[in-house]
Amino acid sequence: MIAKIKQLLEEVETLKASNAEELEALRIKYLSKKGAINDLMADFRNVAADQKKEVGMRLNELKTKAQDRINALKEQFGNQDNTACDLDLTRSAYPVQLGTRHPLTIVKNEIIDIFSRLGFSIAEGPEIEDDWHVFSALNFAPEHPARDMQDTFFIEANPDVVLRTHTSSVQSRVMEVSQPPIRIICPGRVYRNEAISYRAHCFFHQVEALYIDKDVSFTDLKQVLLLFAKEMFGADTKIRLRPSYFPFTEPSAEMDISCNICGGKGCPFCKHTGWVEILGCGMVDPNVLELNGIDSKVYSGYALGMGIERITNLKYQVKDLRMFSENDMRFLKEFEAAY
Ligand code: DAH
């Protein structure tokens, strides 16, 4: 028995395996229920009483050494082995949670896209503006009541500094540094001192368009408006122009489109009129051209301005303006399918 134990001890101490399968075979050979060591344990009861102590000690030593050796080898392959089990390289990757574009960005990009195809380029200006660019250069006289049309945020310490109330301010910024032909669109955020509700907010977004060249006429404006409406809301869309007033355009108009929610039949959204207003426009007032250094005897132009929220409401029927700035994931995720 002792000789057998010795022999096994020698074997065990030099055990080698070159992969996990070989190691498992060794474990079975030596340490499993039917393994060599257990066989010896079973024979233990036949050992003579005076030898039991020594044989017992040696048997235990053998078992521990075998276990230690197998464990040591396991560590070598263990890691490789686990990796192989956990990693399924054929599996498809975890889906990456993609963000979505904000609905206002989606619509702004669509507006930019339409006007870009007509040759307009983008111009930008500051949101913190001065009185000149927001009002004076656009023909608002100092005491002109039209200044009240837009509830302006003034900076108390310096009433000359305002948060722009419309992106028309970018018109004058561009005109003062360039000569016609000018063909720009100006997307951006604007601010007005309004109580926040489902239909008004203290900030919102506009896109302004300005075209100045020789012989620009109201017909050109009307054509661009019709094309824009059809591109934005579908080929069946009709437009209607109503006379209006803005200090910086003469004549001025507001444009309605046939309600794209009820198709013009009448619904709560269009207040059962079949039409919804979407923008203001007109021929640039000659005074505005002169105030900004452009010869009104040589050049004429048109301008238009629209609210991006309004267009987005029409396209996606968002009923509460506040949704646009609340960052509610449930709302934003609805636009995953848009681009
Ligand atoms: N700036 C005007 C507003 O905020 C919108 C507008 C109307 C812009 C007529 C224009 C225009 O360029 O011609 O209400």
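The values are calculated or read from the model by the stated rules, or taken from the named source; none is laboratory data. Keep in mind that what you see is a predicted model, and the values were worked out from it rather than measured. Cβ: placed from backbone, ideal geometry, glycine included. Neighbour counts: every protein chain shown. SASA here: full protein model, heavy atoms, side chains in, ligands and nucleic acids out. Shrake-Rupley method; radii C 1.70, N 1.55, O 1.52, S 1.80 Å.
Of all residues being small (Gly, Ala, Ser) and free of Cβ contacts under 8 Å to residues at least 40 places away in the same chain in segment 283-339, which is least open to solvent (accessible area, probe 1.4 Å)? Just the residue, please. Only one residue tops the list, namely Ser296. When the residues of segment 270-284 are narrowed to those that are part of a strand (DSSP E or B) and farther than 16 Å from Ala303 by Cα, which ends up nearest to the ligand (Cβ to nearest atom)? Filtering segment 270-284 for residues that are part of a strand (DSSP E or B) and farther than 16 Å from Ala303 by Cα, the one nearest to the ligand (Cβ to nearest atom) comes out as Glu277. Here Cys281 does not qualify as farther than 24 Å from Ser116 by Cβ and not β-branched (Val, Ile, Thr). Here the helices (runs of 4 or more DSSP H) wholly within segment 12-125 that include at least 1 residues being modelled with pLDDT under 90 are 20-31, 36-43, 52-86. Filtered by the rule that a residue be surrounded by 23 or more Cβ atoms within 10 Å (Cβ to Cβ) and either in a loop (DSSP other than H, G, I, E, B) or within 10 Å of the ligand (Cβ to nearest atom) (or both), segment 171-184 gives a lone residue, Gln171. Here Thr165 meets the list (1) assigned to a strand (DSSP E or B); (2) within 12 Å of the ligand (Cβ to nearest atom) almost entirely, failing just condition (1).
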